[in-house]
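The values are calculated or read from the model by the stated rules, or taken from the named source; none is laboratory data. This is a predicted model, so every value here is computed, not measured. Please note: Cβ atoms are built from the backbone with ideal geometry, for glycine as well, and neighbour counts cover all protein chains shown. Just the protein is used for accessible areas: all its heavy atoms, side chains included, with ligands, DNA and RNA removed. Shrake-Rupley method; radii C 1.70, N 1.55, O 1.52, S 1.80 Å.
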Amino acid sequence: MAAETASPLPSKITSIKTLAESPGLTSIPATHTFTHDLHDQVTSVPEGSIPVIDYSLLISGTPGQRSKIVQELGRACQDWGFFMVINHGVPQKLLSSILDGCKGFFDLAEEEKQEFKGNHVLDPIRSGTSFNVSVEKAFYWRDFLKVFVHPVFYSPTKPTGLSEISLEYSQRVREIARGLLKGISESLGLEGSYIDKALNLELGKQIFIANLYPTCPQPELAMGMPPHSDHGLLTLLIQNGIGGLQIQHKGKWVNVGTHPNSFLVNTGDHLEILSNGRYKSVLHRAMVNSMGTRISIAMAHGPSLDSVVSPAPELLVSSKGNEPAAYIGMKYKDYLELQQSNKLDGKSCLDRVRISAV
Ligand code: OGA
Ligand code: NI
């Protein structure tokens with residue numbers, strides 16, 4: 001879908017923010033133009049049809065309330081690969097502080113951000129533009145900051161205060177992800193601690209990804225992030241009051257919209273692998289707009305780097321007989337490296353470990 005003729009990213013452009021802020025910018029350069037009419041393919045779903053999970057009931061509800069939420073989680077993973085989490089207990093103030101902290105990072109001088117550029121896809125701190133400019137033909141209307149925050153916590157040293165807020169935010173979100181994964185384990189008929197133990201979540205990889213999508217003069221020609229699935233188990237996303245995330249549901253793109261105070265949660269490739277395809281990772285993408293700059297923070301939660309993930313053996317035997325494993329085992333570190341080194345392209349990474357169509 002990228003323009004075949006796009007030229008390389010001009011080396012002086014280190015951020016889309018600088019480009020977007022060029023005085024009098026009324027059109028976007030060919031380097032950032034996509035040829036498909038992306039907006040044609042969007043459908044609307046009835047208000048309230050995206051699943052909503054009340055986290056407080058999962059954690060402290062009565063056994064009856066809890067088992068209902070576990071069922072809802074299972075249904076959301078199966079039908080959507082996506083749900084919103086409410087009553088999660090993270091104070092609104094912390095959500096706005098972390099969003100402000102990320103804005104502060106993107107507002108640093110270009111030279112300062114370059115200090116955190118990173119060289120390798122597995123460097124713990126990387127900032128840049130698009131997704132992977134060394135392999136892309138056209139570039140996304142996006143700047144990013146990607147930081148490994150668990151099992152070892154990293155943070156850029158600027159702007160002041162970001163590190164402290166990020167540590168607190170990362171810990172809070174990680175707890176919620178683990179709580180959700182417990183419920184998801186149970187929804188698969190496994191023990192609550194199954195995923196936690198099998199994938200060694202005590203040392204689980206947690207990656208903080210801040211995305212900046214500046215106001216764009218021709219949003220219909222630009223793309224914030226292309227259709228992709230996330231590599232891990234669960235990603236929890238917040239945003240600054242401006243929407244842009246779309247998920248694919250039953251083959252159609254659906255606008256998620258803005259939901260202040262909720263986490264927008266999507267399932268990743270490793271949940272698909274572990275569940276032997278019962279819970280598919282969801283395709284999603286980010287659109288841009290001409291109304292305002294959007295910041296989102298996606299917190300990705302995966303297995304520990306040295307976990308070799310394959311379908312849970314418990315799920316390969318059922319009353320109906322044996323079910324063949326649909327994915328080969330692969331070390332999470334190798335998967336992560338593969339996904340991050342290539343173009344962001346749908347579920348192409350998962351296809352490499354898929355044995356049969358499921
Ligand atoms: C991501 C992602 C979507 C968004 O960072 O993996 O899908 O809306 N972000 O920013
Ligand atoms: Ni994503």
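Below, the figures for the structure above:
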{"quantity": "Expected 222 nm ellipticity per residue - DSSP helices of 4 or more, -39500 (n - 2.57), all of the chain, to 500", "calculated": "-8000 deg cm²/dmol"}
{"quantity": "Solvent-accessible surface ranking, highest first, for LEU167, LEU212 at 1.4 angstrom", "calculated": "LEU167, LEU212"}
{"quantity": "Gyration tensor verdict on region 68-133 (Cα atoms; rounded if a/c is under 1.5, prolate if a/b is larger than b/c, oblate otherwise)", "calculated": "oblate"}
{"quantity": "Cα-based Rg and Dmax for region 48-353, where Dmax is the largest Cα-Cα distance (Å)", "calculated": "18.6, 61"}
{"quantity": "Debye, to nearest 20: dipole size of the chain, +1 on Lys, Arg Cβ, -1 on Asp, Glu Cβ", "calculated": "320"}
{"quantity": "Principal-axis tilt of helix 162-187 within the chain, Cα atoms, nearest 10 degrees", "calculated": "40"}
{"quantity": "Whole-number percent relative contact order across the chain, with pairs defined as alpha carbons under 8 Å at least 6 apart", "calculated": "20"}
{"quantity": "Inter-part distance where region 152-195 and region 252-300 are each reduced to a Cα centre, Å", "calculated": "16"}
{"quantity": "Added length on full extension, which subtracts the Cα-Cα distance from 0.36 nm per residue, GLN218 to SER134", "calculated": "27.8 nm"}
{"quantity": "For ARG285, solvent-accessible area (1.4 Å; no DNA, RNA or ligand), Å²", "calculated": "10"}
{"quantity": "Cα-based helix-to-principal-axis angle, 63-79 vs the chain, degrees rounded to 10", "calculated": "60"}
{"quantity": "Within the accessible area of region 48-353 (1.4 Å probe), percent carbon and sulfur", "calculated": "52"}
{"quantity": "Heavy atoms of GLU220: accessible area, 1.4 Å probe, square angstrom to 10", "calculated": "90"}
{"quantity": "Approximate shape of region 214-352 as ellipsoid semi-axes (Cα gyration tensor, √5λ), whole Å, largest first", "calculated": "31, 16, 14"}
{"quantity": "Probe 1.4 Å, accessible area per residue of the chain, Å²", "calculated": "43"}
{"quantity": "Rounded D (µm²/s) - region 100-240, Kirkwood Rh over Cα pairs, Stokes-Einstein at 10 °C, 1.306 mPa s", "calculated": "94"}
{"quantity": "Whether region 300-340 is rounded, prolate or oblate, judged on the alpha carbon gyration tensor where a/c under 1.5 counts as rounded", "calculated": "prolate"}
{"quantity": "At most 16 other Cβ within 10 Å, DSSP loop - GluC sites (Glu not before Pro), region 56-127", "calculated": "GLU115"}
{"quantity": "THR43, THR267, reordered so the largest accessible area comes first (probe 1.4 Å)", "calculated": "THR43, THR267"}
{"quantity": "Computed accessible area, SER275, all protein chains, 1.4 angstrom probe, square angstrom", "calculated": "0"}
